[in-house]
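The values are calculated or read from the model by the stated rules, or taken from the named source; none is laboratory data. Predicted model, so just to flag it, every value in this text is computed and none were measured. So basically every Cβ, Gly included, is an ideal-geometry build from the backbone, and we count neighbours across all protein chains shown. Ligands, DNA and RNA are excluded from the accessible area calculation, which covers all protein heavy atoms including side chains. Shrake-Rupley method; radii C 1.70, N 1.55, O 1.52, S 1.80 Å.
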Amino acid sequence: MRFDVIVVGAGHAGVEAAYAAARLGCSVGLCTLSRETVAHMPCNPAVGGTAKGHLVREIDALGGLMGRAIDATGIQFKLLNRSRGPAVWSPRAQADKQRYALWVTEALEREPNISWIFGRAGRIEVEHQRVVALAMEDGDRHECRALVITTGTFLNGLIHIGSEQQPAGRHGEPPSREMAISIRSFGFEMGRLKTGTPPRLHRDSIDFQRAASDGVFVEEPGDEQPVPFSFSTRAALRNQVRCWLLHTNDAVRDLVRGNIGSSPLYNGQIQGIGPRYCPSLEDKIMRFPDRERHQIYLEPEGLDVDDIYVNGFSMSLPREVQEKLVHALPGLESASILRPGYAVEYDFVQPTGLRSTLETHRVGRLFFAGQMNGTSGYEEAAAQGLMAGINASRAARGDGPFTLGRAEAYIGILVDDLITRGCLEPYRMFTSRAEHRLLLRIDNADLRLTPAGRRLGLIDEESWARFEARRERHARNLDTLNRTLVRTSRGERVAASMLLRRPGERLESLMQRGEVALDVDGVTRDLDLASIANEVKYEGYLKQEAARAERMRRQERRRIPEGFAFAQVPGLSREVVHWLSQIRPETLGQASRIPGVTPAAVAVLGVYLDRPAVARRLDQP
Amino acid sequence: MFSTEDSIVAIATPPGRGGIGVVRISGASSLRIAAGILDHPEPLRPRHATYTRIRRNGAGPSDEVIATYFPGPRSYTGEFVVEISAHGSPVVLRGILDRAVAAGARLAEPGEFTLRAFLNGKRDLVQAEAVADLIDAATPLQARVAFDQLEGTLTAQIGEIDRQLFDLIARLEASLDFPDEGYHFVEPAEIVRRIGCVVQTLERLLASAPRGRLIREGATVVVAGRPNVGKSSIFNRLVGAERAIVTDVAGTTRDLIAERVDVEGLAVTMVDTAGCREAGDRVEREGVMRAARAREVADVLLVIIDGSVPLMSEDERLLAETAARPRVVVVNKVDLPPARDTNPSGSHGEPDTAHPTTLVRVSARTGAGFEHLRDAIVAGLTGRESLRDPAMISNARHIALLEQARASLVAARASSEAGEAPEEILLADLQAARARFDEVVGTRTSEDVLRHIFERFCIGK
């Protein structure tokens, strides 16, 4: 078979890549081991969270799948950071993992441009430094104009449960070895990372009622009026399950300490580096000895399954120790383990070898996306998949690159961080990574990105019409606030927007008093109101931030020519030349973010790039 | 100028003849260039003074010299540096320079050696600026402030403030990014307290700014008064030279006469002016107008009154006009018998409490009272602050940036006290403050700023 684009892997990166490329009119071959594991959630059955929720809203604003999929199959929804400002509000939802996977599979199957390739991808075939085909382990061969690899944790995956070791990409699935060899053969820099997952418990073996009335489980309720992930969601979302919070105790601590020698993380069996911010139970106990207890959440994995996910309890201790640990938790004395927790080590490709399109520097039209680039999280993977899918389809048709800036989207920050800084540990998105955080909110993700998605061809007529209506409504609401006069406590009459800038004044109360009438609709009412109030109240900050973003964009517009020889620039230290040549920044802005490249070196480079070519030749040392 | 790969050369001592003249070469090939100049077969020993000769080249000059080799990175620029000390003849030095250029060195631009030290991470921006200040220092006090900054006292202070701020930011960021960890990374009251601490430290630093600027930039003292009260005589005494022409003809001084003097460590520009009066010829009228403008820019005015005659209407007008300005009223000619009503403080007292009038009695002829006058000038300039306390900060660029940082921090404190603004707004202010600190020490500086700073250096530094 011959395809425009082949995508290897149908996890969260792969499905977005395939879907985007198909929507853009390419014939797509989606290569996966089995239909059963499409859009699979091998770890936490949840989507979103701080900054991750932002990514999902952005994926949705660009026409991706994840937002719609979780709105359709989520079973409990919560907006995190609600007590803080709208810039850090972030939706999170428990997914029904089976229904989620099914929803995505069906969405892919509705795309006539997508064909499944079931089997194990083996080798990347390259001619003249450009991808030409994908060879399968079974000998089949598929030609393609662009290739997106999204193999997640499968490259030389190795699962650890105590001293048990099992080559596997995920629980029960064999790893990719030939593909790992093929990637390595092109000279990509690779490293080893580790991640882990907690044990799953049987729902019926836990007496929730009693534990809750004893006060050892505290219910973590969902929001009364959930904020959806997708801009297209119109129906109200419903919470259908209950989640519970409990805490570790001294018995857990003593068990971990007493068995630490049998933890592959602590006895040298695992070399890969794990995520610091999502520590295993072993790390929590050993690295934070002062903390008396740690939080654990019990989260159902779906409506029709019995699995309860024990959030915060990931570990790689032997099965019998896991058993004791679970039973040591209050309320779980007789819980039965369906599947033990495990740690998985896997190869990742240092993403500094990628361009801002996620195409590799070494091989033309070869794209890497997702966890194999050193990231963690479904959302980070999906965001990369979307960008790789868009750019693979554009490359296949000879169109120019599509990239997002750091001031435009968290997706832009994600890609930029990966390609300029690389990964030393699994990369997770945080709002603190955004230097223009105030501008990158969940409420304006569509205003920021949907026009770009429309230009690409990812937004259909219906969605575009809805977007335009919403944009107009937003502008009208702001206008209303500027023009409606309201009475202050001292009896003066001022514009509502002026009043809102004063401390203590709230938009909601103005509306309750009937002083202002705004046009805000059902499911996103809270979010829209907050967005409007925020834009009015902190207008000064937003304007300053926008001005700063514009200054940064100027740096981004100063391009470094393709294949530029950094060694020819007089005045750059050997170390700086090394990093620049290795990472190959495309703009002066990217160069400035590479670790080890000093501001002075950026100044030198900037001056050099501005010089006429003649002067360049004269100044050879 | 922003390149550091080639080797640069310059005469590092002042132009003209001198006992010793130094040529400095910096760059990767400085040793090879020096080998082409020196008649010295062995390699130069690092950090040793080597007595040798300049290699004779046709009819070119020769000389005996001391060459010192500083291998990088332990050198002024962080590069390989060779300094050649020759006899201070412009011809000899020019000859060495030409030979160095012939051997591949490039003539250095002003400040380029220090710029390289900055680019190579040997000095931060504050220190690089301090080098220029130190070279420009005209008074011991200026030199001391510059040297303190060169030593890194200001850098260390800013670093300490920045560390406090960074810790707070990290905690606030953590609470935004880990909302369900179940504990506060920092309590609201603690936020207010911590920002308060940072503001306090910053304000302490900024408190010395007016003094620091005064020391670094100096001040202007303008001598004013009606004709023939002895302005020029007092001016001459203060500058220690017969700089202004003194006659008993009223209106002798017509243009402004300025001279820079060291008054108790302050670099003071003394300005003598034409006497205030109506009419005169066109030249004098112009001079009177210039005098009026000079009075407006003065940091301190010396209003001179002739104590031997009664106050005249011009005296009274000037006293009234300058009452709101920082001034010293100087009663001159105390060696002569006093007229009865020459105490001007009675009639033209203290309408402005911010600048209480100081009255000093002097005799320009005998020199009596000048000690008091100098003290009064210094007091007028410093607001009676002691100059013995070190001034941490003196550069207008630093002061402006730190003022901006302070404004951001004060806004952050206000919004956290009110408990209204969300944390990300608070963080926007805190981050803005940090960005200013980065600009001061140069970890975040645009090319333009760098160019501007290094432009004011002299060649060879």
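Checking the conditions here, which among A:Ala328, A:Ala335, A:Ala343 is surrounded by 22 or more Cβ atoms within 10 Å (Cβ to Cβ), over 22 Å from A:Ser376 (Cα atoms) and among the aliphatic types (A, V, I, L, M)?
Working: A:Ala328 fails: surrounded by 22 or more Cβ atoms within 10 Å (Cβ to Cβ); A:Ala343 fails: over 22 Å from A:Ser376 (Cα atoms).
Going through A:Ala328, A:Ala335, A:Ala343 in turn, the sole match is A:Ala335.
Residues are listed down the side, and each one gets a yes or a no for (1) at pLDDT 65 or above; (2) under 22 Å from B:Asn395 (Cα atoms); (3) more than 9 Å from every other protein chain (Cβ to nearest Cβ); (4) open to solvent by less than 30 Å² (accessible area, probe 1.4 Å):
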{"position": "B:Glu424", "(1), (2), (3), (4)": "yes, no, no, yes"}
{"position": "B:Ser446", "(1), (2), (3), (4)": "no, yes, no, no"}
{"position": "B:Val449", "(1), (2), (3), (4)": "no, yes, yes, no"}
{"position": "B:Arg456", "(1), (2), (3), (4)": "no, yes, yes, no"}
Hey, B:Thr358 modelled with pLDDT under 90 and crowded, with 16+ Cβ neighbours inside 10 Å or not: yes
Scan of the range B:80-97 for residues that are under 12 Å from B:Ile25 (Cα atoms) and open to solvent by 20 Å² or more (accessible area, probe 1.4 Å), ordered by number: B:Phe80, B:Glu83, B:Ser85
Checking A:Ile594 against (1) surrounded by fewer than 14 Cβ atoms within 10 Å (Cβ to Cβ); (2) under 34 Å from the mean Cα position of the chain (by Cα); (3) not in a helix (DSSP H, G or I); (4) not hydroxyl-bearing (Ser, Thr, Tyr), the condition it does not meet: (1)
Residues of the range A:568-583 classified as surrounded by fewer than 21 Cβ atoms within 10 Å (Cβ to Cβ) and either hydroxyl-bearing (Ser, Thr, Tyr) or in contact (Cβ under 8 Å) with a residue 40 or more places away in the chain (or both), total: 5
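Can we say A:Arg551 is within 12 Å of another protein chain (Cβ to nearest Cβ), open to solvent by 30 Å² or more (accessible area, probe 1.4 Å) and over 30 Å from the mean Cα position of the chain (by Cα)? Write out each step before concluding.
On the way: within 12 Å of another protein chain (Cβ to nearest Cβ): yes; open to solvent by 30 Å² or more (accessible area, probe 1.4 Å): yes; over 30 Å from the mean Cα position of the chain (by Cα): no.
No.
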Pair list, Cβ under 6 Å, 6 or more apart: the range A:584-606 residue more than 14 Å from chain B (Cβ to nearest Cβ), other residue part of a helix (DSSP H, G or I) and open to solvent by less than 30 Å² (accessible area, probe 1.4 Å): A:Pro585/A:Ala591; A:Gln590/A:Thr420; A:Ile594/A:Thr420; A:Ile594/A:Ile583
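Taking the range B:175-191 only, how many residues are in a helix (DSSP H, G or I) and either modelled with pLDDT under 80 or buried (at least 16 other Cβ atoms within 10 Å of the Cβ) (or both)?
So the first thing to find is which residues in the range B:175-191 are in a helix (DSSP H, G or I), and the list is B:175-177, B:188-191.
Of the ones still in play, those that are also either modelled with pLDDT under 80 or buried (at least 16 other Cβ atoms within 10 Å of the Cβ) (or both) are B:175-177, B:191.
Selection size over the range B:175-191: 4.
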Any hit, the range A:83-91, residues being open to solvent by less than 30 Å² (accessible area, probe 1.4 Å) and away from chain B (no Cβ under 14 Å): no
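Please determine whether any residue of the range B:30-48 is in contact with a Lys or Arg (Cβ under 6 Å, 6 or more places away or on another chain), surrounded by 22 or more Cβ atoms within 10 Å (Cβ to Cβ), under 26 Å from B:Asp124 (Cβ atoms) and among the polar types (S, T, N, Q).
First pass over the range B:30-48, keeping only residues in contact with a Lys or Arg (Cβ under 6 Å, 6 or more places away or on another chain): B:37, B:39.
With the extra rule that they be surrounded by 22 or more Cβ atoms within 10 Å (Cβ to Cβ), the set shrinks to B:37.
Checking the rest, the ones that are also under 26 Å from B:Asp124 (Cβ atoms) come to none.
Scanning the range B:30-48 turns up no residue that is in contact with a Lys or Arg (Cβ under 6 Å, 6 or more places away or on another chain), surrounded by 22 or more Cβ atoms within 10 Å (Cβ to Cβ), under 26 Å from B:Asp124 (Cβ atoms) and among the polar types (S, T, N, Q).
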Residue within the range A:552-572 that is under 30 Å from B:Glu420 (Cβ atoms), in a helix (DSSP H, G or I) and of a type outside the set (Gly, Ala, Ser) present: yes
Leading residue by the ranking (surrounded by the most Cβ atoms within 10 Å (Cβ to Cβ)) among those in the range A:444-460 that are under 10 Å from A:Ala409 (Cα atoms) and touching a Leu at 6+ places or on another chain (Cβ under 8 Å): A:Leu449
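Listed here are the residues, each with its yes/no results for (1) within 14 Å of another protein chain (Cβ to nearest Cβ); (2) more than 19 Å from the chain's Cα centre (by Cα); (3) under 30 Å from A:Arg234 (Cα atoms).
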| position | (1), (2), (3) |
| --- | --- |
| A:Gln94 | yes, no, yes |
| A:Lys97 | no, no, yes |
| A:Arg123 | no, yes, no |
| A:Gln129 | no, yes, no |
| A:Arg145 | no, yes, no |
| A:Gln166 | no, yes, no |
| A:Pro174 | no, yes, no |
Top-ranked residue in the range A:250-288 [being part of a loop (DSSP other than H, G, I, E, B), under 14 Å from A:Gln322 (Cβ atoms) and touching a Ser or Thr at 6+ places or on another chain (Cβ under 8 Å); ranked as farthest from the other protein chains (Cβ to nearest Cβ)]: A:Pro264
Any hit, the range A:54-71, residues being open to solvent by less than 10 Å² (accessible area, probe 1.4 Å), within 14 Å of chain B (Cβ to nearest Cβ) and in contact (Cβ under 8 Å) with a residue 24 or more places away in the chain: yes
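Here is a check on your reading of the model: is A:Glu515 assigned to a helix (DSSP H, G or I) and over 21 Å from A:Ala236 (Cα atoms)?
Numbers: assigned to a helix (DSSP H, G or I): no; over 21 Å from A:Ala236 (Cα atoms): yes.
It is false that A:Glu515 is assigned to a helix (DSSP H, G or I) and over 21 Å from A:Ala236 (Cα atoms).
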Residue within the range B:245-252 that is open to solvent by 40 Å² or more (accessible area, probe 1.4 Å) and under 30 Å from B:Leu150 (Cα atoms) present: no
Test: residue in the range A:286-307 that is under 17 Å from A:Pro264 (Cα atoms) and open to solvent by 10 Å² or more (accessible area, probe 1.4 Å): yes
B:Leu172, sole failed condition from (1) at pLDDT below 85; (2) touching a Leu at 6+ places or on another chain (Cβ under 6 Å): (1)
Subset of the range A:1-38 that is touching a helix residue (DSSP H, G or I) at 6+ places or on another chain (Cβ under 9 Å) and among the basic types (Lys, Arg) - its residue that is surrounded by the fewest Cβ atoms within 10 Å (Cβ to Cβ): A:Arg35
Any hit, the range B:162-169, residues being surrounded by 16 or more Cβ atoms within 10 Å (Cβ to Cβ) and within 11 Å of chain A (Cβ to nearest Cβ): yes
Neighbours by Cβ (under 8 Å, 6+ apart or cross-chain): first from the range A:403-421, farther than 19 Å from A:Arg455 by Cα and in a helix (DSSP H, G or I); second at pLDDT 95 or above and of a type in the set (Lys, Arg): A:Ile419/A:Arg355
In the range B:199-230, the residues that are touching a helix residue (DSSP H, G or I) at 6+ places or on another chain (Cβ under 6 Å), part of a helix (DSSP H, G or I) and farther than 29 Å from B:Val131 by Cβ: B:Val199
Selection count, the range A:422-443, where residues are buried (at least 19 other Cβ atoms within 10 Å of the Cβ) and either without any contact (Cβ under 8 Å) to a residue 12 or more places away in the chain or more than 11 Å from chain B (Cβ to nearest Cβ) (or both): 7
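Sort through B:Arg277, B:Arg237 and tell me the only one that's open to solvent by 50 Å² or more (accessible area, probe 1.4 Å), part of a loop (DSSP other than H, G, I, E, B) and basic (Lys, Arg).
After applying the criteria, what remains is B:Arg277.
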